[in-house]
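Take a look at the structure below.
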C-alpha cells in the first residue's frame, strides 16, 4: 500500500501561516478597539465630572477668571472626547477590515482542508480496491493450484 501524499501540502501550510497571522492581526485590532472604547469612556467621565464642577461652581460665586479657565478646560475635554470618538471609529473600522481578512484566510484554509479530506478518501478507496484485487488474485491462484493438485 502506497503512502498518502497530498500535493497541495505546501500551499496548505502557507495558508495556515497566513491564517495565523490574520488571526493575530484581528486580535490586536480587537484589543485596540477595546482600548479606544475605554479611552472614550474615560474622556466622557472626565467631561461629565467637569460639567458637574462647572455647574456647582456657578451656583456659589461668579469669578470671571475662574470661569475662563474652567471653560478652557471644558473645551479641551470636549476636544479630547471628540478625538477619542474618532480614534474609536478608526479602530472599529480597522477591526472590521482585519475580521474580513481573517475570515478570508480561514475560508482558504477550509477549502484546502476539504480538498485534502477528499483526496484522502479517494486514496483510501483506491488502496482498498488494489488490496481487494490482490486478495482476489491470491484466492484465484490458490483455487487454481488446488484444482490442479486434485486433478
Query raised in the report: From 117, 77, 101, which residue is free of Cβ contacts under 8 Å to residues at least 12 places away in the same chain and in a helix (DSSP H, G or I)?
Result: 117
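For every residue, the table says whether it meets (1) surrounded by fewer than 12 Cβ atoms within 10 Å (Cβ to Cβ); (2) modelled with pLDDT under 90.
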site: 24; (1), (2): no, no
site: 32; (1), (2): no, no
site: 36; (1), (2): no, no
site: 62; (1), (2): yes, yes
site: 66; (1), (2): no, yes
site: 78; (1), (2): no, no
Report summary line: Residues in the stretch 58-74 that are part of a loop (DSSP other than H, G, I, E, B) and touching a helix residue (DSSP H, G or I) at 6+ places or on another chain (Cβ under 9 Å) total 1
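Can you find a residue in the stretch 127-149 that is surrounded by 15 or more Cβ atoms within 10 Å (Cβ to Cβ) and assigned to a helix (DSSP H, G or I)?
No, the stretch 127-149 contains no residue that is surrounded by 15 or more Cβ atoms within 10 Å (Cβ to Cβ) and assigned to a helix (DSSP H, G or I).
The values are calculated or read from the model by the stated rules, or taken from the named source; none is laboratory data. Bear in mind the structure is a predicted one, so any value in this text is a computation, not a measurement. Quick reminder, even Gly has a Cβ in these numbers, built from the backbone with ideal geometry, and neighbours come from all protein chains shown.
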